[in-house]
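The values are calculated or read from the model by the stated rules, or taken from the named source; none is laboratory data. Note that this is a predicted model, so its numbers are computed, not measured. Note that we place each Cβ from the backbone using ideal geometry, even for glycine, and neighbour counts take in every protein chain shown. Heavy atoms of the whole protein, side chains included, go into the accessibility calculation; ligands, DNA and RNA do not. Shrake-Rupley method; radii C 1.70, N 1.55, O 1.52, S 1.80 Å.
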Amino acid sequence: MFSSQDIGHAQRQKTAADAKAALLAKFKPREASVDPRFEERATLRAAELSKVRQDRAEARAAQRQAVTDAAKALADAADALAAEALAAKRDERNERKALSAAEAKAKRDARYAARKARN
């Protein structure tokens, strides 16, 4: 054991400095151990990341294509409906014209027959 008479001011300062140096040494960065498979794992990680990105891009493209196809199908259905309505309207108009023409011919024929009957 140390006797209190053997410890002087210089000894106390040296002990305090050693304690402070030991405390600071805990916070100093240590030499990093180099992982022998670091390059290999980095390559694998990069490959996996690119695969995930590609899969996500393909999923987004498929979703965009599905939306585009749905919009095109809706537009085609609307066009077909409009064309069908137009065709029905034209047919109805042609029927009305045919009936009007037949009625006009019947009127003419009736007038002609009446004129022939008078003479």
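Here are some notes:
- Qualifying residue in region 50-62 (condition: touching an Asp or Glu at 6+ places or on another chain (Cβ under 8 Å) and open to solvent by 60 Å² or more (accessible area, probe 1.4 Å)): no
- Qualifying residue in region 82-90 (condition: surrounded by 10 or more Cβ atoms within 10 Å (Cβ to Cβ) and under 33 Å from the mean Cα position of the chain (by Cα)): yes
- Residue count for region 23-49, restricted to those that are at pLDDT below 95 and either open to solvent by 100 Å² or more (accessible area, probe 1.4 Å) or hydroxyl-bearing (Ser, Thr, Tyr) (or both): 13.
Let's see how each residue does on (1) part of a helix (DSSP H, G or I); (2) more than 37 Å from the chain's Cα centre (by Cα):
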{"residue": "ALA22", "(1), (2)": "yes, yes"}
{"residue": "VAL34", "(1), (2)": "no, yes"}
{"residue": "THR43", "(1), (2)": "yes, no"}
{"residue": "GLN63", "(1), (2)": "yes, no"}
{"residue": "ALA73", "(1), (2)": "yes, no"}
